[in-house]
Amino acid sequence: MSVSAEHSGLTDCHAHLCAAAFSRDLDDVLTRACDAGVEAVVAVGETLADAERNLELAERYPGVVRPTAGLYPTHLDLAEAERVADLIRRERSRLAAIGEVGLDRWKVREESDLELQREIFALFIDLSIELDLPLNVHSRSAGHYAIDLLRDRGANRVQLHAFDGRAARAEPAVEAGYFFSVPPSVVRSPQKQKLVRRLPLSCLLLETDSPVLGPERDRRNEPANALVSLRAIAEIKGMDEQGVAAAVRVNTTRLYGRKAPS
């Protein structure tokens, strides 16, 4: 795989490589990413099966796919959460993060369900502290609730992916040293643009959330589009792309460690 000299060493910090949308052409998808300078992908999952698939992909693409294990917050199954936690403990040395996990008030509305959701999220927060693994966090329509719970339980290695709350709601997370990853949909989202404008560059990461949240609503997204996020950040902040690329590489290493390209 050749690599873009201009923006080499970038990481897509949140993508669903185990999704069916990539079942037929993942080699080509990762080649395009590497050609664009995106040399590593944090592969998140939503279920135990996803976690196992991500570990398989990491063996197939060593150094490129960085696997995670988590339980999507609409899966309100404490027994399943415990099984995922057991896998995380067993495979801790192979995992880049715990994710995606978190809170979701878009689809989950009943208070009893929300309480179970918080219990499961708390389990994963505590596990991340125990094992010193980053958290890759989903917080759809629940941004400040997620940030409050993370801070209350003492989480310190946190990525808030595709944060959809008001920029003012993000400030306590910035104070806590958390990171925010920016998807390519920023080019069509005034909310994401306001967030990028307000947050310091020192807390921003790149993500794609592939195969969704692309620059075009109805077209499959893929990790190469992390460059769309980078260019949007540069434009919004009035910076050159090389400066933004250097900053997000540093930020990625701060959260994910030396295994991340730098």
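Per-structure values
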{"item": "Yes/no for L201 being modelled with pLDDT of 95 or more and crowded, with 18+ Cβ neighbours inside 10 Å", "result": "no"}
{"item": "Residue under evaluation V65, criteria (1) farther than 17 Å from E119 by Cβ; (2) surrounded by fewer than 20 Cβ atoms within 10 Å (Cβ to Cβ), criterion not met", "result": "(2)"}
{"item": "Selection from the stretch 15-31 of residues that are assigned to a helix (DSSP H, G or I) and either touching a His at 6+ places or on another chain (Cβ under 6 Å) or of a type in the set (G, A, S) (or both)", "result": "A20, A21"}
{"item": "Options V248, V212, V228: the member that is part of a loop (DSSP other than H, G, I, E, B), under 17 Å from the mean Cα position of the chain (by Cα), β-branched (V, I, T) and within 26 Å of G63 (Cα to Cα)", "result": "V212"}
{"item": "Hits in the stretch 140-163 (condition: closer than 23 Å to E110 by Cα, touching a Lys or Arg at 6+ places or on another chain (Cβ under 9 Å) and crowded, with 18+ Cβ neighbours inside 10 Å)", "result": "R140, A142, G143, Y145, I147, L149, F163"}
{"item": "Scope the stretch 100-122; condition touching a residue at least 40 places away in the same chain (Cβ under 8 Å), surrounded by 18 or more Cβ atoms within 10 Å (Cβ to Cβ) and on the phi < 0 side of the Ramachandran plot; matching residues", "result": "E100, L103, Q117, I120, F121"}
{"item": "Any hit, the stretch 135-146, residues being touching a strand residue (DSSP E or B) at 6+ places or on another chain (Cβ under 7 Å), part of a helix (DSSP H, G or I) and within 22 Å of S181 (Cα to Cα)", "result": "yes"}
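The values are calculated or read from the model by the stated rules, or taken from the named source; none is laboratory data. Nothing here was measured: the structure is a model prediction, and the numbers come from that model. For neighbour counting, all protein chains shown are included, and Cβ atoms are generated from backbone atoms with ideal geometry for every residue, glycine included.
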